[in-house]
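Accompanying notes for the structure given below.
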Amino acid sequence: MFVIFVINDGDTRTLIDLGLTGAQARIYLALLRIGISSIREVAKISKVARPDTYRAIAGLHELGLVEKLLTTPTKFKPLPIDDAVNILMLRRTRESIELNERANRLIKNFEEKKNSPTIEESQFIVIPKGETLELKTQRMIDNAQETVSLVVPQRRIRPLIANYLELFKNALKRKVTVRAITDGHSENESHEILELLKFRMFEIEYATTEPCVIFILIDNKEILLMTSAKVGYLESPAVWSNNPGLIELAQGYFELTWTTLSEGKMIPVV
């Protein structure tokens, strides 16, 4: 008669994250529960099909997580959990080091092509929302040399400034001029905006209505234009461009609006 054991799904997921297959994780946990056991016993407790149990046990033995006992029938003994986890962690570390080396070689292989002189063409590139957009924004702010111009609604400028606060601070320390146009009133300035206002190179102007155009303009050379004003900053795809015509249009719009607002004319931004 077999005692019913429950294999914890969280423990199984942890072992999978450490590099085991689902079957290997369940079988190793079953062995920890019942101790030295045969293939038949382990398959029944782990609820893994017998053919899959053979393959999984062989893989665990190869990893050194179970020991094979020369008995009839053959039985298997699990390595203590702390030893098993250490082995898996060391294996993951080695794999990470190897992957890092391969990634560096990959980067090096393309450095020559990347650094070769090219004639930059006017481009329009769709940037997917989420992490890709976040990384693109980070790089643009980090590479700014002279100016960062923002037109962003207040409900979106707060999370944007908060997310890139240190990057904006670093840009201001590099003597980059950062100017922002948003809606609302200065009385509603967030903690993050107040932090930036400590820098002489940061300025912000407020319009009477929410901007319907949203963009980040860097050094008057590249622009990140959001395609939707209705959702959160990282939830909207964007268009990146270095097109001179679009840059000039955005720069002209920004400067005209900025001058009008700075003169005390609270016009709506359209």
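Which ones in region 121-134 are part of a loop (DSSP other than H, G, I, E, B) and surrounded by 13 or more Cβ atoms within 10 Å (Cβ to Cβ)?
Result: LYS129, single match.
Scanning region 133-159 for residues that are at pLDDT 85 or above and among the polar types (S, T, N, Q) turns up THR137, GLN138, ASN143, GLN145, THR147, SER149. For the structure I just gave you, tell me whether VAL85 is part of a helix (DSSP H, G or I), surrounded by 10 or more Cβ atoms within 10 Å (Cβ to Cβ) and outside the structural domain of ARG26 (by TED's automatic domain parsing). Criteria met by VAL85. Scanning region 164-188 for residues that are of a type in the set (S, T, N, Q) and either modelled with pLDDT of 95 or more or surrounded by fewer than 20 Cβ atoms within 10 Å (Cβ to Cβ) (or both) returns ASN170, THR177, SER186, ASN188. Return a yes/no flag: does region 189-209 have any residue that is at pLDDT 90 or above and either under 22 Å from the mean Cα position of the chain (by Cα) or of a type in the set (S, T, N, Q) (or both). Within region 189-209 (the criterion being at pLDDT 90 or above and either under 22 Å from the mean Cα position of the chain (by Cα) or of a type in the set (S, T, N, Q) (or both)), the answer is no, since none of the residues qualifies. For beta carbons closer than 7 Å, sequence separation of 6+ or different chains, a first residue in region 188-201 that is assigned by TED's automatic domain parsing to the domain that holds LEU165 and a second that is part of a loop (DSSP other than H, G, I, E, B), the qualifying pairs are MET201/LYS175; MET201/VAL176.
The values are calculated or read from the model by the stated rules, or taken from the named source; none is laboratory data. Computed from a predicted model, the values in this text were never measured in an experiment. Counting neighbours? That spans all protein chains shown, and the Cβs are built from the backbone with ideal geometry, glycine included.
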